[in-house]
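> Take a look at the following structure, please.
The values are calculated or read from the model by the stated rules, or taken from the named source; none is laboratory data. Please read all numbers here as calculations on a predicted model, not as lab measurements. Here the Cβ is made from the backbone with ideal geometry for all residues, glycine too, and neighbour counts use every protein chain on show. SASA here: full protein model, heavy atoms, side chains in, ligands and nucleic acids out. Shrake-Rupley method; radii C 1.70, N 1.55, O 1.52, S 1.80 Å.
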Amino acid sequence: MKQHQPGQWALPPDRAEEGFADKKPLYTEGEAVAEASRCLYCSDAPCIQACPTSIDIPTFIRKIGTGNVKGAARTILSANLLGQSCAQVCPVEVLCAGSCVYTRWGREPIAIGRLQRYAVETTLSKDPGLFQARPATDKRIALVGSGPASIAAAGLLALEGHTCILYERKALPGGLNTLGIAPYKFKGVEALRELEWILSLGRIELRTGVEVVERATGPGQVSAAELLASHDAVFLGLGLGADSRLGIPGEEGEGVHGATHLIERLKTEPGLRLEGVQRAVVIGGGNTALDIAHELALLGVEVALVYRRSEEEMGGYVHELASARLDGVRLVENRQLVEILREDGRVVAVRLAATREGRPVPGTGEVLPAELIAVAIGQDRATHVARAFPGVELDERGRVTVEPTTHRTGHPKVWSGGDCVNGGKEVVNAVAEAKIAVRDIQRHLVGSEDHGRSVD
Ligand SMILES: Cc1cc2nc3c(=O)[nH]c(=O)nc-3n(C[C@H](O)[C@H](O)[C@H](O)COP(=O)(O)OP(=O)(O)OC[C@H]3O[C@@H](n4cnc5c(N)ncnc54)[C@H](O)[C@@H]3O)c2cc1C
Ligand code: SF4
């Protein structure tokens with residue numbers, strides 16, 4: 001098995017993401033202890049119920065308060081191996097902190113995410129050897145993709161002593177955790193550091209630049225049939241596909257970007273400058289649209305976020321819209337983009353139509369000047385890869401179908417979780433689904449349900 005070297009997947013210097021300030025920086029010890037002392041340690045803690053991975057929040061907060069920071073990290077990571085990223089990227093406003101009793105009383109909730117970050121980051125930077133894997137077994141599990149779903153599953157399976165091989169088609173591992181999360185929340189380097197920690201937990205090999213396909217035709221490919229034949233179980237953590245397109249005149253050519261692709265460039269491309277871009281139009285009403293709009297605004301671009309319905313109907317979080325607005329994003333609601341206007345090939349403006357119930361009203365229209373367009377209207381599904389595994393089924397929306405209590409697919413050796421199953425949720429949901437799948441994989445491999453003992 002190939003050993004990984006620390007820093008093996010270093011990001012290039014001079015990336016745009018380096019210029020973003022951390023919106024919720026690491027607490028000092030004094031800040032953490034003071035915040036922990038506000039927690040009421042509720043016996044029926046609603047914050048735990050709101051966490052998809054059921055982290056015992058009052059217990060870890062109490063440990064911070066008593067100076068047992070390592071114990072706090074252990075409590076968090078036993079429930080959620082991606083406790084570092086979740087501390088920084090979770091929408092706590094609608095999960096744990098949103099359910100905190102203080103929120104119900106109209107007061108400032110406990111800063112659960114920041115306390116979690118303090119415990120995990122402080123501990124892992126000094127003392128990463130928190131968990132001991134069980135003795136090695138002869139079982140081998142293939143995991144397709146290296147995003148949060150596959151990484152969490154691999155870490156838990158490795159702690160059970162199994163050999164895990166992650167197959168990642170991109171050169172950089174980590175999925176959207178490395179390449180998609182807004183850089184003012186979590187930077188790519190932090191995602192890669194957490195990934196390396198998980199790789200160190202046991203017998204995990206990560207093969208980047210290897211795509212799983214139906215029929216392999218070259219060295220950078222491996223077939224689904226080969227994975228099934230050479231492993232005892234397969235986990236599909238495929239995520240979603242490419243950015244969806246608008247299909248309107250003027251879309252082809254420079255200046256029009258799929259939102260996740262543009263975010264990935266901001267996070268990884270050396271020396272990327274948005275030269276000549278003063279105004280941008282972002283299309284969409286979900287969290288990806290809010291993220292790219294916010295990121296462009298923080299880079300000094302004047303951003304109009306165009307949504308075809310009303311503000312109340314937007315899919316993105318209210319707190320993310322409020323935060324983007326504070327940094328200058330302007331919402332243009334009830335408008336649809338109908339044409340991108342170019343001069344000498346360069347984008348100069350967009351034509352908008354007023355909408356009624358999300359549809360353009362003929363004869364209406366206005367022109368909005370812009371040099372850059374970011375399209376955030378959804379992502380395709382990774383259907384062709386899933387279909388390469390016989391028995392794996394997809395629903396009408398292209399999501400991998402699983403049995404919800406086990407996350408097993410229609411193939412008896414194949415499990416799945418994360419965005420390819422739930423259609424695109426959060427990192428914490430990918431981890432929670434990986435936990436369900438691992439429990440069933442363990443039952444399948446060794447006939448036992450005691451998964452998690454090595455962690456607890
Ligand atoms: C712009 C953006 C911002 C987000 N911000 C947040 C946030 O702030 N907080 C939050 O909690 N969540 C956020 N999310 C959602 C979160 O990133 C996802 O829910 C999470 O990453 C899902 O994990 P996953 O492992 O299912 O998929 P992914 O992270 O997409 O990983 C899938 C991996 O599989 C690989 N892969 C796919 N097919 C193959 C194949 N055939 N062979 C080999 N490899 C393959 C892909 O290259 C990818 O690396 C955001 C999403 C986006 C798009
Ligand atoms: S609900 Fe709030 S106060 Fe109560 S245990 Fe959870 S974090 Fe502490």
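> For the range 325-434, what % of the accessible area comes from carbon and sulfur atoms, probe 1.4 Å?
Details: 2500 of 5400 Å².
That share works out to 46 percent.
> Let me ask another. Under a 1.4 Å probe, what is the accessible area of the range 74-179 per residue, stated in Å²? Show your work: numbers first, answer last.
On the way: 3390 Å² over 106 residues.
Normalised by residue count, the accessible surface of the range 74-179 is 32 Å².
> Using a 1.4 Å probe, how large is the accessible area of ARG279, given in Å² and rounded to the nearest 10?
80 Å²
> Give me the 1.4 Å probe accessible area per residue for the range 341-456, excluding ligands and nucleic acids, in Å².
Working: 5550 Å² over 116 residues.
Accessible area per residue: 48 Å².
> Could you check how much of the accessible area of the range 22-126 is carbon and sulfur, as a whole percent, using a 1.4 Å probe?
Working: 2300 of 4470 Å².
Its accessible area is 51 percent carbon and sulfur atoms.
> Here's a follow-up. Once Lys and Arg get +1 and Asp and Glu get -1 on their Cβ, which of LEU299, THR260, ALA349 lies farthest toward the positive end of the dipole of the range 243-379?
Result: ALA349, furthest along the dipole toward the positive end.
> Could you order HIS294, HIS319 so the one with the most accessible surface comes first? Probe is 1.4 Å. Can you show the working numbers first?
Values: HIS294 0, HIS319 45 Å².
The most accessible residue leads, giving HIS319, HIS294.
> I would also like to ask the following. Output the pairs from LYS185/LYS425; LYS139/LYS425; LYS170/LYS267; LYS139/LYS435 with a Cα-Cα distance over 21 Å in this structure; if there are none, say none.
Details: LYS185/LYS425 17 Å; LYS139/LYS425 31 Å; LYS170/LYS267 14 Å; LYS139/LYS435 18 Å.
Result: LYS139/LYS425 exceed 21 Å.
> If you don't mind, there's one more thing I want to ask. Could you tell me the relative contact order of the range 354-439? Use alpha-carbon pairs under 8 Å, at least six residues apart, and round to a whole percent. Present the calculation step by step, with values, prior to reporting the outcome.
Working: 90 pairs, mean separation 14.9, N = 86.
Relative contact order for the range 354-439 comes out at 17 percent.
> With a cut-off of 8 Å between alpha carbons and a minimum separation of six or more residues, what is the relative contact order of the chain in percent? If you can, show how the numbers build up before the last one.
Details: 965 pairs, mean separation 75.1, N = 456.
Relative contact order comes out at 16 percent.
> Please identify the chymotrypsin sites (Phe, Trp or Tyr not before Pro) of the range 69-150 that satisfy two criteria: DSSP loop assignment and at most 15 other Cβ atoms within 10 Å. Which are they? Before the final figure, lay out each step's value.
Numbers: sites: TYR102, TRP105, TYR118, PHE131; in loops: TRP105, PHE131.
For chymotrypsin sites (Phe, Trp or Tyr not before Pro) across the range 69-150 that sit outside H, G, I, E and B with at most 15 neighbouring Cβ atoms in 10 Å, the list reads TRP105.
> Determine the relative contact order of the range 149-305: mean sequence separation of Cα pairs under 8 Å and six or more apart, normalised by residue count, in whole percent.
Details: 175 pairs, mean separation 32.6, N = 157.
Computed over the range 149-305, the figure is 21 percent.
> Which of rounded, prolate, oblate describes the range 22-126, given a ≥ b ≥ c as roots of the alpha-carbon gyration tensor eigenvalues and a/c under 1.5 marking rounded, otherwise prolate only if a/b is larger than b/c?
Rounded, because the longest to shortest axis ratio a/c is under 1.5.
> Step by step: find N for the range 300-456, compute 2.2 N^0.38 Å, then divide the Cα radius of gyration by it. What's the final number?
Values: Rg = 22.2 Å, N = 157, 2.2 N^0.38 = 15.0 Å.
Rounded to two decimals, the normalised Rg is 1.48.
> So, by mean Cβ neighbours within 10 angstrom, what's the order for 19-32, 304-317 with the highest one leading?
Values: 19-32: 13.8, 304-317: 18.3.
Most protected by this proxy first, the peptides run 304-317, 19-32.
> May I pose another question? Using a 1.4 Å probe on the protein chains only, how many percent of the accessible area of the range 153-290 belongs to carbon and sulfur?
Taking all protein chains in place, the range 153-290 shows 49 percent carbon and sulfur surface.
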